[in-house]
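One structure is given here, and the rest of the page talks about it.
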Amino acid sequence: MADVFKDAAVAEVTMMRNSSLQGAYLILAARALGLDCGPMSGFDNAKVDAAFFAGTLLKSNFICALGTGTTELLFPRNPRLAFDEACKIV
């Protein structure tokens, strides 16, 4: 496996994919504990990296806000299909 990471481009793609998967596990665990999660992309990675990871080799992939929110400003939930309408057990 070490030989795979000698190619910087392959290593970069692999590390970003794996960090995304780890982030997904974090979100699943947080939600299982009853926390609200707000994963975000589209931010200025360079600024985040400079503010939080200066002097390290770490880079940001995405941001995830964790906490407990309120329903005060939420839109009503849209209608959902019933299980029998959306699924078929085979």
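Ordering 76, 58, 41 by the projection of their Cα atoms onto the charge dipole of the chain, which places +1 on the Cβ of Lys and Arg and -1 on the Cβ of Asp and Glu, puts 76 at the extreme positive end.
Note on Cα extents along the principal axes in Å: of the candidates [x] 62, 28, 21; [y] 50, 41, 23; [z] 40, 30, 25, the value calculated from this structure sits at [y].
Compute the length gained on full extension between residue 17 and residue 51: take 0.36 nm times their separation in residues and subtract their Cα-Cα distance, giving the result in nm to one decimal.
Working: separation 34, 0.36 × 34 = 12.24 nm, distance 2.30 nm.
Length difference between fully extended and current span is 9.9 nm.
Compute the accessible area per residue over the chain, keeping the other protein chains in place, probe 1.4 Å, unit Å².
Working: 7880 Å² over 90 residues.
Computed with neighbouring chains in place, this is 88 Å² per residue.
Spatial offset of the stretch 63-87 relative to the stretch 1-61 amounts to 25 Å, using the alpha carbon center of each. Judged by the mean number of other Cβ atoms found within 10 Å, the most tightly packed of the peptides 60-67, 75-82 leads the ranking 60-67, 75-82.
Peptide packing: for 42-49, 20-27, the average count of neighbouring Cβ atoms within 10 Å per residue gives the ranking 20-27, 42-49, highest mean first. When only the Cβ of Lys, Arg, Asp and Glu is charged (+1, +1, -1, -1), the dipole of the chain relative to its Cα centre reaches about 100 debye.
State the percentage of accessible surface on the chain attributable to carbon and sulfur atoms; use a 1.4 Å probe and exclude ligands, DNA and RNA. Mind dumping the intermediate values first?
Numbers: 5020 of 7880 Å².
Of all accessible area on the chain, carbon and sulfur atoms account for 64 percent.
The values are calculated or read from the model by the stated rules, or taken from the named source; none is laboratory data. As the structure is a computational prediction, the values presented were derived from the model and not from experiment. Cβ coordinates were reconstructed from backbone atoms using ideal geometry, including for glycine residues, and neighbour counts include every protein chain displayed. Heads up: the accessible areas ignore ligands, DNA and RNA and are worked out on the full protein's heavy atoms, side chains in. Shrake-Rupley method; radii C 1.70, N 1.55, O 1.52, S 1.80 Å.
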